[in-house]
1. Picking from V19, V4, which residue would you name as being assigned to a strand (DSSP E or B) and under 14 Å from the mean Cα position of the chain (by Cα)?
2. Could we say that A59 is touching a Gly at 6+ places or on another chain (Cβ under 6 Å), part of a helix (DSSP H, G or I) and surrounded by 10 or more Cβ atoms within 10 Å (Cβ to Cβ) here?
3. Identify, from the list E43, E52, E14, the residue that is acidic (D, E) and surrounded by 14 or more Cβ atoms within 10 Å (Cβ to Cβ).
4. For the condition surrounded by fewer than 12 Cβ atoms within 10 Å (Cβ to Cβ), of a type outside the set (F, W, Y) and at pLDDT 95 or above, what is the one hit in K79, K65?
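The values are calculated or read from the model by the stated rules, or taken from the named source; none is laboratory data. In this text, all values refer to a predicted model and were calculated from it rather than measured experimentally. Glycine gets a Cβ as well: all are built from the backbone with ideal geometry, and neighbour counts include every protein chain shown.
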Amino acid sequence: MSVVIVATAHPLPEHRAEVIAAFEAAIARVHDEPGVDRYALHEGPDRLVMIEKYESEPALSAHAKGPALADLLSALQGKLHGQLDVQVLAPHPAGSPDKGTL
């Protein structure tokens with residue numbers, strides 16, 4: 001079963017461009033990891049939100065132990081208000097199969 005992650009970062013205003021660059025560098029690497037279905041950055045006025053989808057728990061586990069995430073977390077040190085808010089979610093399909101899940 002797939003796993004969806006929603007990770008929210010609140011960059012300090014003076015570091016927003018650096019935080020975006022760190023996410024972009026990670027995205028380029030993570031897109032090549034096996035089992036990654038989605039790894040996409042979205043912007044709001046005061047936050048950055050990563051929407052991630054992995055084909056399975058083992059794929060998520062491999063990503064969590066990988067160098068791309070370790071490098072991203074290191075690059076974010078001291079550039080955020082607080083910690084990343086990471087939510088691990090399981091699909092709850094409803095309605096049309098094409099529209100009811102990520």
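1. Just one listed residue meets the conditions, V4.
2. Against the criterion (touching a Gly at 6+ places or on another chain (Cβ under 6 Å), part of a helix (DSSP H, G or I) and surrounded by 10 or more Cβ atoms within 10 Å (Cβ to Cβ)), A59 qualifies.
3. That would be E52, the only listed residue that is acidic (D, E) and surrounded by 14 or more Cβ atoms within 10 Å (Cβ to Cβ).
4. Only one candidate qualifies: K65.
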